Amino acid sequence: MQVIIQPDSEQASLLAAQLIAKIIREKEKPVIGLATGNTPLLLYQLLVKMHREEGLDFSRVISFNLDEYLGLPPEHPGSFHHFMWKNLFSQVNIKPENVHIPDGLTRNIEAHCQQYEEEIKAAGGLDIQVLGLGTDGHIGFNEPSSSLSSRTRIITLFDQTRKDNAIFFESEDQVPYHAITMGIRTILEARICLLMAFGEKKARAISLAVEGPVTTMVPASALQFHPKAISLLDKEAASELRLTDYYQWAYEHQLPEWREF
Ligand code: GLP
(Lines give C-alpha, C1' and ligand atoms only; values in the text may rest on other atoms or scores of the structure.)
Protein backbone atom coordinates (compact mmCIF):
# COMPACT_ATOMS: atom_id res chain seq x y z
CA MET A 1 0.00 0.00 0.00
CA GLN A 2 1.29 3.47 -0.80
CA VAL A 3 1.07 5.76 2.21
CA ILE A 4 1.08 9.50 1.61
CA ILE A 5 1.30 11.74 4.64
CA GLN A 6 0.52 15.41 4.23
CA PRO A 7 0.94 18.16 6.83
CA ASP A 8 -2.82 18.73 7.00
CA SER A 9 -6.16 17.62 5.60
CA GLU A 10 -6.27 20.61 3.21
CA GLN A 11 -3.15 19.52 1.37
CA ALA A 12 -4.22 15.88 1.40
CA SER A 13 -7.64 16.79 -0.01
CA LEU A 14 -5.99 18.80 -2.77
CA LEU A 15 -3.95 15.76 -3.83
CA ALA A 16 -7.10 13.65 -3.86
CA ALA A 17 -8.94 16.25 -5.95
CA GLN A 18 -6.06 16.42 -8.43
CA LEU A 19 -6.03 12.64 -8.85
CA ILE A 20 -9.78 12.45 -9.40
CA ALA A 21 -9.69 15.41 -11.80
CA LYS A 22 -6.95 13.65 -13.78
CA ILE A 23 -9.09 10.50 -14.09
CA ILE A 24 -12.11 12.60 -15.13
CA ARG A 25 -10.08 14.39 -17.80
CA GLU A 26 -8.32 11.32 -19.17
CA LYS A 27 -11.07 8.71 -19.26
CA GLU A 28 -13.77 8.63 -21.85
CA LYS A 29 -16.29 7.37 -19.30
CA PRO A 30 -14.82 7.90 -15.83
CA VAL A 31 -16.40 5.68 -13.18
CA ILE A 32 -15.88 7.17 -9.75
CA GLY A 33 -16.75 5.55 -6.44
CA LEU A 34 -17.65 8.06 -3.77
CA ALA A 35 -17.90 8.13 0.01
CA THR A 36 -19.74 10.21 2.58
CA GLY A 37 -18.76 11.53 6.00
CA ASN A 38 -16.66 14.51 7.06
CA THR A 39 -13.46 13.21 5.50
CA PRO A 40 -14.25 13.78 1.80
CA LEU A 41 -16.08 17.10 2.34
CA LEU A 42 -13.14 19.29 1.40
CA LEU A 43 -12.34 17.04 -1.56
CA TYR A 44 -15.86 17.66 -2.87
CA GLN A 45 -15.52 21.42 -2.33
CA LEU A 46 -12.29 21.36 -4.33
CA LEU A 47 -13.90 19.39 -7.16
CA VAL A 48 -16.75 21.93 -7.26
CA LYS A 49 -14.15 24.72 -7.44
CA MET A 50 -12.33 22.95 -10.28
CA HIS A 51 -15.64 22.60 -12.10
CA ARG A 52 -16.41 26.30 -11.71
CA GLU A 53 -12.97 27.75 -12.29
CA GLU A 54 -11.28 25.26 -14.62
CA GLY A 55 -14.31 23.78 -16.36
CA LEU A 56 -13.78 20.28 -14.95
CA ASP A 57 -16.49 18.44 -16.86
CA PHE A 58 -18.65 15.94 -14.96
CA SER A 59 -21.01 15.26 -17.88
CA ARG A 60 -19.28 11.94 -18.71
CA VAL A 61 -18.81 10.89 -15.07
CA ILE A 62 -20.63 7.85 -13.75
CA SER A 63 -20.69 7.69 -9.96
CA PHE A 64 -21.38 4.94 -7.47
CA ASN A 65 -21.66 5.61 -3.77
CA LEU A 66 -20.47 3.12 -1.23
CA ASP A 67 -23.51 2.92 0.95
CA GLU A 68 -26.84 4.21 2.22
CA TYR A 69 -28.89 3.82 5.38
CA LEU A 70 -31.78 1.44 5.18
CA GLY A 71 -35.19 2.98 5.69
CA LEU A 72 -34.27 6.59 4.92
CA PRO A 73 -35.90 8.38 1.98
CA PRO A 74 -33.48 10.26 -0.29
CA GLU A 75 -34.67 13.64 0.99
CA HIS A 76 -33.95 12.79 4.64
CA PRO A 77 -31.17 15.16 5.84
CA GLY A 78 -29.25 12.23 7.33
CA SER A 79 -29.34 10.16 4.13
CA PHE A 80 -26.29 9.77 1.94
CA HIS A 81 -28.44 10.79 -1.05
CA HIS A 82 -29.03 14.13 0.63
CA PHE A 83 -25.35 14.45 1.58
CA MET A 84 -24.11 13.79 -1.95
CA TRP A 85 -26.56 16.09 -3.72
CA LYS A 86 -25.95 18.87 -1.23
CA ASN A 87 -22.16 18.64 -1.18
CA LEU A 88 -21.30 17.67 -4.74
CA PHE A 89 -23.84 16.62 -7.35
CA SER A 90 -26.05 19.74 -7.30
CA GLN A 91 -22.98 21.91 -7.83
CA VAL A 92 -21.44 20.16 -10.85
CA ASN A 93 -22.79 19.08 -14.24
CA ILE A 94 -23.14 15.37 -13.50
CA LYS A 95 -26.16 13.77 -15.18
CA PRO A 96 -28.66 12.56 -12.57
CA GLU A 97 -29.07 9.30 -14.50
CA ASN A 98 -25.34 8.64 -14.04
CA VAL A 99 -25.54 8.90 -10.24
CA HIS A 100 -25.87 5.63 -8.35
CA ILE A 101 -26.52 5.39 -4.61
CA PRO A 102 -28.08 2.32 -2.99
CA ASP A 103 -31.81 2.81 -2.45
CA GLY A 104 -32.51 2.87 1.27
CA LEU A 105 -36.20 2.28 0.60
CA THR A 106 -35.84 -0.75 -1.64
CA ARG A 107 -38.42 -3.46 -1.03
CA ASN A 108 -36.24 -6.23 -2.35
CA ILE A 109 -32.86 -5.75 -0.75
CA GLU A 110 -31.18 -8.80 -2.24
CA ALA A 111 -32.25 -8.04 -5.81
CA HIS A 112 -31.34 -4.39 -5.39
CA CYS A 113 -27.85 -5.25 -4.13
CA GLN A 114 -27.27 -7.66 -6.99
CA GLN A 115 -28.44 -5.06 -9.47
CA TYR A 116 -26.04 -2.53 -7.94
CA GLU A 117 -23.15 -4.94 -8.55
CA GLU A 118 -24.30 -5.47 -12.13
CA GLU A 119 -24.54 -1.74 -12.75
CA ILE A 120 -20.95 -1.24 -11.59
CA LYS A 121 -19.81 -4.00 -13.96
CA ALA A 122 -21.89 -2.67 -16.85
CA ALA A 123 -20.29 0.76 -16.38
CA GLY A 124 -16.88 -0.88 -16.85
CA GLY A 125 -15.90 -1.16 -13.17
CA LEU A 126 -14.76 1.56 -10.81
CA ASP A 127 -11.72 3.57 -11.95
CA ILE A 128 -11.25 4.79 -8.40
CA GLN A 129 -13.02 4.25 -5.10
CA VAL A 130 -12.76 6.99 -2.50
CA LEU A 131 -12.92 5.59 1.03
CA GLY A 132 -13.21 7.09 4.47
CA LEU A 133 -12.40 5.06 7.55
CA GLY A 134 -14.59 4.21 10.50
CA THR A 135 -12.98 4.45 13.94
CA ASP A 136 -13.53 0.67 14.13
CA GLY A 137 -11.66 0.16 10.85
CA HIS A 138 -14.71 -0.10 8.60
CA ILE A 139 -14.75 0.91 4.95
CA GLY A 140 -18.10 1.64 3.37
CA PHE A 141 -20.25 0.18 6.11
CA ASN A 142 -18.33 -3.09 6.21
CA GLU A 143 -18.11 -3.49 9.94
CA PRO A 144 -15.52 -5.72 11.68
CA SER A 145 -16.29 -9.41 11.01
CA SER A 146 -17.45 -8.61 7.44
CA SER A 147 -16.30 -11.25 4.97
CA LEU A 148 -13.35 -10.15 2.89
CA SER A 149 -15.26 -11.63 -0.06
CA SER A 150 -18.46 -9.71 0.67
CA ARG A 151 -20.44 -7.97 -2.02
CA THR A 152 -23.15 -5.31 -1.87
CA ARG A 153 -25.53 -6.33 0.90
CA ILE A 154 -27.41 -5.33 4.04
CA ILE A 155 -25.35 -4.84 7.21
CA THR A 156 -26.17 -4.18 10.85
CA LEU A 157 -24.22 -1.18 12.12
CA PHE A 158 -22.01 -1.18 15.19
CA ASP A 159 -23.30 0.96 18.02
CA GLN A 160 -20.06 3.00 17.81
CA THR A 161 -20.67 3.67 14.11
CA ARG A 162 -24.18 4.91 14.89
CA LYS A 163 -22.70 7.19 17.57
CA ASP A 164 -19.95 8.47 15.23
CA ASN A 165 -22.52 9.31 12.56
CA ALA A 166 -25.10 10.85 14.90
CA ILE A 167 -23.83 14.36 14.05
CA PHE A 168 -25.69 14.09 10.75
CA PHE A 169 -28.97 13.47 12.62
CA GLU A 170 -31.00 15.44 15.14
CA SER A 171 -30.39 12.78 17.77
CA GLU A 172 -28.61 9.46 18.09
CA ASP A 173 -31.80 7.43 18.27
CA GLN A 174 -32.66 8.61 14.75
CA VAL A 175 -29.61 6.88 13.25
CA PRO A 176 -30.76 3.72 11.47
CA TYR A 177 -29.51 0.32 12.64
CA HIS A 178 -29.01 -1.03 9.13
CA ALA A 179 -27.47 0.02 5.87
CA ILE A 180 -26.77 -1.24 2.38
CA THR A 181 -23.07 -1.21 1.58
CA MET A 182 -20.78 -2.25 -1.22
CA GLY A 183 -18.89 -5.31 -0.02
CA ILE A 184 -15.16 -5.58 0.56
CA ARG A 185 -14.73 -7.61 -2.62
CA THR A 186 -16.69 -4.97 -4.53
CA ILE A 187 -14.38 -2.27 -3.21
CA LEU A 188 -11.23 -4.28 -3.95
CA GLU A 189 -12.26 -4.55 -7.60
CA ALA A 190 -11.84 -0.80 -8.10
CA ARG A 191 -8.73 -0.02 -10.14
CA ILE A 192 -7.51 2.42 -7.48
CA CYS A 193 -8.61 2.47 -3.83
CA LEU A 194 -8.02 5.83 -2.18
CA LEU A 195 -8.37 5.62 1.59
CA MET A 196 -8.53 9.04 3.23
CA ALA A 197 -8.22 9.54 6.98
CA PHE A 198 -7.69 12.69 8.98
CA GLY A 199 -7.29 13.46 12.65
CA GLU A 200 -6.01 11.71 15.73
CA LYS A 201 -9.16 9.68 16.25
CA LYS A 202 -8.34 7.70 13.08
CA ALA A 203 -4.71 7.00 14.07
CA ARG A 204 -5.33 3.65 15.69
CA ALA A 205 -7.53 2.34 12.88
CA ILE A 206 -4.97 3.51 10.32
CA SER A 207 -2.08 1.77 12.03
CA LEU A 208 -4.08 -1.47 12.21
CA ALA A 209 -5.30 -1.19 8.61
CA VAL A 210 -1.94 -0.29 7.07
CA GLU A 211 0.60 -2.11 9.24
CA GLY A 212 -1.42 -4.74 11.08
CA PRO A 213 -2.36 -8.20 9.87
CA VAL A 214 -5.12 -8.59 7.29
CA THR A 215 -8.18 -9.52 9.28
CA THR A 216 -11.94 -9.28 9.12
CA MET A 217 -11.64 -7.50 12.48
CA VAL A 218 -10.19 -4.49 10.63
CA PRO A 219 -12.02 -4.41 7.28
CA ALA A 220 -9.75 -1.69 5.85
CA SER A 221 -6.77 -4.06 6.25
CA ALA A 222 -8.16 -5.93 3.21
CA LEU A 223 -6.75 -3.05 1.15
CA GLN A 224 -3.33 -4.64 1.71
CA PHE A 225 -4.39 -7.15 -0.97
CA HIS A 226 -5.05 -4.38 -3.47
CA PRO A 227 -2.37 -3.71 -6.07
CA LYS A 228 -3.07 0.00 -6.09
CA ALA A 229 -4.31 1.10 -2.70
CA ILE A 230 -3.28 4.52 -1.46
CA SER A 231 -3.67 5.81 2.09
CA LEU A 232 -3.81 9.58 2.05
CA LEU A 233 -3.37 10.89 5.58
CA ASP A 234 -2.73 13.99 7.58
CA LYS A 235 0.00 13.97 10.24
CA GLU A 236 -2.41 13.15 13.08
CA ALA A 237 -3.97 10.13 11.37
CA ALA A 238 -0.44 8.87 10.60
CA SER A 239 0.80 9.39 14.16
CA GLU A 240 0.67 5.70 15.18
CA LEU A 241 2.37 4.33 12.06
CA ARG A 242 5.82 2.80 12.45
CA LEU A 243 7.25 3.35 8.97
CA THR A 244 6.43 7.04 8.51
CA ASP A 245 10.01 7.93 7.52
CA TYR A 246 10.05 5.24 4.88
CA TYR A 247 6.64 6.30 3.46
CA GLN A 248 7.90 9.86 3.20
CA TRP A 249 11.16 8.74 1.62
CA ALA A 250 9.36 6.53 -0.90
CA TYR A 251 6.97 9.37 -1.77
CA GLU A 252 9.86 11.74 -2.40
CA HIS A 253 11.73 9.21 -4.54
CA GLN A 254 8.90 8.03 -6.77
CA LEU A 255 9.89 7.30 -10.34
CA PRO A 256 8.25 10.02 -12.43
CA GLU A 257 6.56 7.51 -14.76
CA TRP A 258 4.99 5.67 -11.78
CA ARG A 259 3.67 8.73 -10.03
CA GLU A 260 -0.05 9.03 -9.43
CA PHE A 261 0.57 12.16 -7.37
C1 GLP B 1 -19.54 6.37 7.64
C2 GLP B 1 -19.47 5.98 6.17
C3 GLP B 1 -18.07 5.61 5.82
C4 GLP B 1 -17.13 6.70 6.28
C5 GLP B 1 -17.19 6.85 7.76
C6 GLP B 1 -16.20 7.85 8.32
O7 GLP B 1 -19.52 5.28 8.45
N8 GLP B 1 -20.32 4.88 5.83
O9 GLP B 1 -17.98 5.41 4.41
O10 GLP B 1 -15.84 6.38 5.89
O11 GLP B 1 -18.50 7.26 8.04
O12 GLP B 1 -16.78 9.08 8.51
P13 GLP B 1 -16.01 10.44 8.78
O14 GLP B 1 -15.33 10.76 7.49
O15 GLP B 1 -17.10 11.42 9.10
O16 GLP B 1 -15.08 10.20 9.88
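Side notes on the structure shown:
- Values of log10 I(q)/I(0), in the order q = 0.15, 0.19, 0.25 Å⁻¹, for region 1-53 under a Debye, Cα-only, solvent-free model: -0.45, -0.71, -1.12
- Per residue, region 16-91 exposes an accessible area of 41 Å² to a 1.4 Å probe, with every protein chain left in place.
- Distances between placed amide hydrogens fall under 5 Å for HIS178 paired with LEU70, LEU157, all partners being 5 or more residues away or on another chain.
- Computed over region 45-125, the Cα gyration tensor eigenvalues convert (square root of 5λ each) into semi-axes of 25, 17, 8 Å, ordered from largest to smallest.
- With the simple spin-label model, which puts each label point 7 Å out from Cα in the Cβ direction, the ILE109 to ASP245 separation comes to 4.9 nm.
- Candidate membrane-span-like segments in the chain, meaning DSSP H helices with Cα atoms spread over at least 18 Å of their own axis and a Kyte-Doolittle mean of -0.5 or above, are 9-26, 41-54, with no membrane implied.
- Within the accessible surface of the chain, defined with a 1.4 Å probe on protein heavy atoms only, the carbon and sulfur portion equals 52 percent.
- The GNM of the chain, with springs linking C-alpha atoms under 10 angstrom apart, assigns the highest mean-square fluctuation among ARG162, ARG185, ARG107 to ARG107.
- Tail weight of P(r) past 15 Å, computed on alpha-carbon pairs of region 126-196, percent: 54 percent
- Percentage, to the nearest whole number, of Cα pairs in the chain over 33 Å apart: 13 percent
- Between the alpha-carbon centres of region 186-261 and region 135-149 there is a gap of 16 Å.
- Prolate/oblate/rounded label for region 110-261 (Cα gyration tensor, a/c 1.5): oblate
- Estimated 222 nm signal from helices in the chain, with DSSP H stretches of n ≥ 4 weighted -39500 (n - 2.57), rounded to 500: -9500 deg cm²/dmol
- For region 107-151, alpha-carbon Rg and Dmax in angstrom: 12.5, 33
- Gained length - ILE167 relative to ARG191, 0.36 nm times residue gap less alpha-carbon distance: 5.4 nm
- Rough spin-label spacing in nm, given labels placed 7 Å along Cα→Cβ, for GLU211 and GLU252: 1.9 nm
- Set LYS163/LYS201; LYS49/LYS235; LYS49/LYS201; LYS201/LYS235; LYS86/LYS201; LYS22/LYS95 screened for pairs whose C-alpha atoms are more than 22 Å apart: LYS49/LYS235; LYS49/LYS201; LYS86/LYS201
The values are calculated or read from the model by the stated rules, or taken from the named source; none is laboratory data. In this text the structure is predicted, and so the values were computed from the model without any measurement. Positions of Cβ are backbone-derived with ideal geometry, glycine not excepted, and every protein chain shown enters the neighbour counts. When the accessible area is computed, the model is the full protein with side chains, heavy atoms only, and any ligands, DNA or RNA have been set aside. Shrake-Rupley method; radii C 1.70, N 1.55, O 1.52, S 1.80 Å.
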